[in-house]
Amino acid sequence: MTVYVKGVVFDGVDFDDPNSWNIDAYIQRGGYAALKKIIAEGITQDAIIAELKTSSLRGRGGAGFPTGLKWSFMPRSFPGQKYLVCNTDEGEPGTFKDLDIIVNNPHALIEGMIIGGYAMGITVGYNYIHGEVFEAYERFEAALEEARRAGFLGDNILGSEFCFQLHAHHGYGAYICGEETALLESLEGKKGQPRFKPPFPASYGLYGKPTTINNTETFASVPYIVREGGQKFLELGKPNNGGTKLFSISGHVNRPGNYEIPLGTPFADLLEMAGGMRGGKKIKAVIPGGSSAPVLPGHIMMETTMDYDAIAKAGSMLGSGAVIVMDETVCMVKALRRLSYFYYEESCGQCTPCREGTGWLYRVVDRIERGLGRPEDLDLLESVGKNIAGRTICALGDAAVMPVQGMLKHFRDEFLHHIEHKKCLVPGF
Amino acid sequence: MMLTPESLAQIDREVAKYPADQKRSAVMSALRIAQVEKGWLSSDTIKFVAEYLGIAPMAAHEVATFYNMYDRAPVGKYKITVCTNLPCALSGGVDAGEYLQKKLGIHFNETTADGKFTLKEGECMGACGYAPVLLVNNHTMCNHMTPDAIDRKLAELN
């Protein structure tokens, strides 16, 4: 169940009210006021982008790139068609925040995208939605229809010259499509295989046209920034880490769910909000930013705050804000085996180091788990990792290597114990 | 391997989302719609979809084989996919998979003798906070699937 705490995306949403997602409820809680203000006051494109820069909003999909800067890259004067794309292809193990946004507050995303279209001079947008959440896709389609009927989407929005069309595109099961250029290929009706960068989507994106791609939560944060001002958003978080952020907590906590809290909140506080450790067990490890982020021991996490800079300093990354909590019963070899299988399964097969290397990583971790590990296997894992990282078109290769490196850095003893004694150091999963 | 007028109307609505010269963009939805009608995607169905959209059969075939929710072989009336990835596994996802195998008397990637159920092991569905999670026929997500909840779901489907 979603557990909303305090933040800009879910502000005012009533999770117990089945109608809280619809346009009337959204307007009642201040929705579409930002768009109306822009049209009524004739706020300029430059002013909106400047406000975003002030807010220090950073990409909520995982990379944390400053949104205002990204929007300023769009060549607004380009004469041909330009596109705006939202990435709701949420498939990073541990992450389930964007699903809650399109189900519980889809109009915040729609309004954010309309504002994005206005600010960058774009007239057509697509929201690419993760395959496995078909019911959420249908909810989003219903919200789009509401917005069209209310005159917020379509031609001459609110009587102005501004036109913006927005459509939903449904994926059908491929983690790689969360990578922005794979997503564009998929939107074009092709296999989701990433493109070389450069050229970046801002110059060569969907159908070869200038394209801006942002994450769902990023767009959904925009109406608040326009309505309340970038400075106010910034002050909700901390310098260079503006605003509030959704954290998806899963694993061994009493209340898994989405928690929207200010960036810079101590992890210990977040754990307490999630009801603490399940069964009162001791915390062993946390993957703080989705399965691709290196694991950190529990004691390091207990002294860390939840923001881009602090998590990076602790040796991992905030990523999408997916926090996977593991207690003392977890065998880290088994945990890594599951993650390594995921990357092996989801590699798109385009680059040899990733296609072959993810298989090597999985098979070696698997044999260690099954008691067939060899003394040289840890060196082998490191060597395979070095031959993948930085040698592929997209970041999936690196994402497969980082969990392995994190595990070997902090829990090497467990892997050695498995190899030496052919069994787990700890009994549980 | 013609599709029904209802399916074709749905495909037409998808085609309308994209620029007139980019009908290929609708191939993912068109294949999904065809699969819902036919139960799975035969080579003939894929070829029909390709021709309907005016794209090369291989272009549709590539998509049907790349994305893992398309079924390229017949499946049972109900395809149940269980997520066993790490976040789900920490909250009973593996147990749910084992319970279903025992209950249905089949392994992953098998179909019951009466053709009712196919069981699959899936990757992240983006719903880790609701673990254990099952997907029925690709489109219906079932949350918090403890053994009791699985029993109820199977009884309902039966």
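The values are calculated or read from the model by the stated rules, or taken from the named source; none is laboratory data. Just so it is clear, the model here is predicted, and its values are computed rather than measured. All Cβ positions, glycine included, derive from the backbone under ideal geometry; neighbour counts span all protein chains shown.
Key figures
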quantity	calculated
Residue match in the stretch B:1-9 (condition: β-branched (Val, Ile, Thr), more than 12 Å from chain A (Cβ to nearest Cβ) and in contact (Cβ under 8 Å) with a residue 40 or more places away in the chain)	no
Test: residue in the stretch B:37-53 that is buried (at least 19 other Cβ atoms within 10 Å of the Cβ), of a type in the set (Gly, Ala, Ser), over 15 Å from the mean Cα position of the chain (by Cα) and within 14 Å of another protein chain (Cβ to nearest Cβ)	yes
Residue in the stretch B:103-118 that is at the interface with chain A (Cβ under 8 Å from one of its Cβ atoms), of a type in the set (A, V, I, L, M) and in a helix (DSSP H, G or I) present	no
Lone unmet requirement of (1) within 14 Å of chain B (Cβ to nearest Cβ); (2) within 18 Å of the chain's Cα centre (by Cα); (3) more than 25 Å from residue A:199 (Cα to Cα) for residue A:56	(1)
Hits in the stretch A:73-101 (condition: within 11 Å of chain B (Cβ to nearest Cβ) and not hydroxyl-bearing (Ser, Thr, Tyr))	A:81, A:89, A:90, A:91, A:92, A:93, A:94, A:96, A:97, A:98, A:99, A:100
Any chance residue A:404 is at pLDDT 95 or above and within 14 Å of chain B (Cβ to nearest Cβ)	yes
Pick from the stretch A:246-260, criterion touching a Lys or Arg at 6+ places or on another chain (Cβ under 7 Å) and more than 11 Å from residue A:323 (Cα to Cα), ranking: farthest from the other protein chains (Cβ to nearest Cβ)	A:260
Identity of the residue in the stretch A:284-296, surrounded by 24 or more Cβ atoms within 10 Å (Cβ to Cβ) and in contact (Cβ under 8 Å) with a residue 60 or more places away in the chain, that ends up nearest to the other protein chains (Cβ to nearest Cβ)	A:291
The stretch B:28-43, residues that are farther than 15 Å from residue A:126 by Cβ and either in a helix (DSSP H, G or I) or among the small types (Gly, Ala, Ser) (or both)	B:30, B:31, B:32, B:33, B:34, B:35, B:36, B:37, B:38, B:39, B:42, B:43
All positions within the stretch A:202-226 that are more than 14 Å from chain B (Cβ to nearest Cβ), in contact (Cβ under 8 Å) with a residue 60 or more places away in the chain and not in a helix (DSSP H, G or I)	A:202, A:203, A:210, A:212, A:213, A:214
Those residues of the stretch A:113-140 which are in a loop (DSSP other than H, G, I, E, B) and small (Gly, Ala, Ser), in sequence order	A:121, A:131
Only listed residue being at pLDDT 95 or above and buried (at least 24 other Cβ atoms within 10 Å of the Cβ), chosen from A:150, A:108	A:108
Filter result for residue B:65 (within 14 Å of another protein chain (Cβ to nearest Cβ) and exposed (fewer than 14 other Cβ atoms within 10 Å of the Cβ))	yes
The lone exception for residue A:275 - which of (1) assigned to a helix (DSSP H, G or I); (2) within 13 Å of chain B (Cβ to nearest Cβ); (3) small (Gly, Ala, Ser) it fails	(1)
In the stretch A:298-337, the residues that are touching a Ser or Thr at 6+ places or on another chain (Cβ under 9 Å), over 14 Å from residue A:399 (Cα atoms) and within 14 Å of chain B (Cβ to nearest Cβ)	A:321, A:322, A:323, A:324, A:325
Total residues in the stretch A:278-293, condition part of a loop (DSSP other than H, G, I, E, B), closer than 19 Å to residue A:401 by Cα and touching a strand residue (DSSP E or B) at 6+ places or on another chain (Cβ under 8 Å)	3
Residues located in the stretch A:338-376, provided they are acidic (Asp, Glu), assigned to a helix (DSSP H, G or I), over 16 Å from residue A:398 (Cα atoms) and away from chain B (no Cβ under 14 Å)	A:366
Counted residues, the stretch A:105-136 - those being more than 9 Å from chain B (Cβ to nearest Cβ) and under 23 Å from residue B:83 (Cα atoms)	2
Residues located in the stretch A:375-388, provided they are in contact with a helix residue (DSSP H, G or I) (Cβ under 9 Å, 6 or more places away or on another chain) and modelled with pLDDT of 95 or more	A:377, A:378, A:380, A:381, A:382, A:384, A:385, A:386, A:387, A:388
Search result, residues across the stretch A:297-329 that are assigned to a loop (DSSP other than H, G, I, E, B), surrounded by 22 or more Cβ atoms within 10 Å (Cβ to Cβ) and either touching a Phe, Trp or Tyr at 6+ places or on another chain (Cβ under 6 Å) or acidic (Asp, Glu) (or both)	A:307, A:318, A:321
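Each row is one residue, and each column tells you yes or no for (1) on the phi > 0 side of the Ramachandran plot; (2) within 20 Å of the chain's Cα centre (by Cα); (3) not acidic (Asp, Glu).
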| residue | (1), (2), (3) |
| --- | --- |
| A:141 | no, no, no |
| A:162 | no, no, yes |
| A:171 | no, yes, yes |
| A:186 | no, yes, yes |
| A:198 | no, no, yes |
| A:203 | no, no, yes |
| A:212 | no, yes, yes |
| A:229 | yes, no, yes |
| A:233 | no, yes, yes |
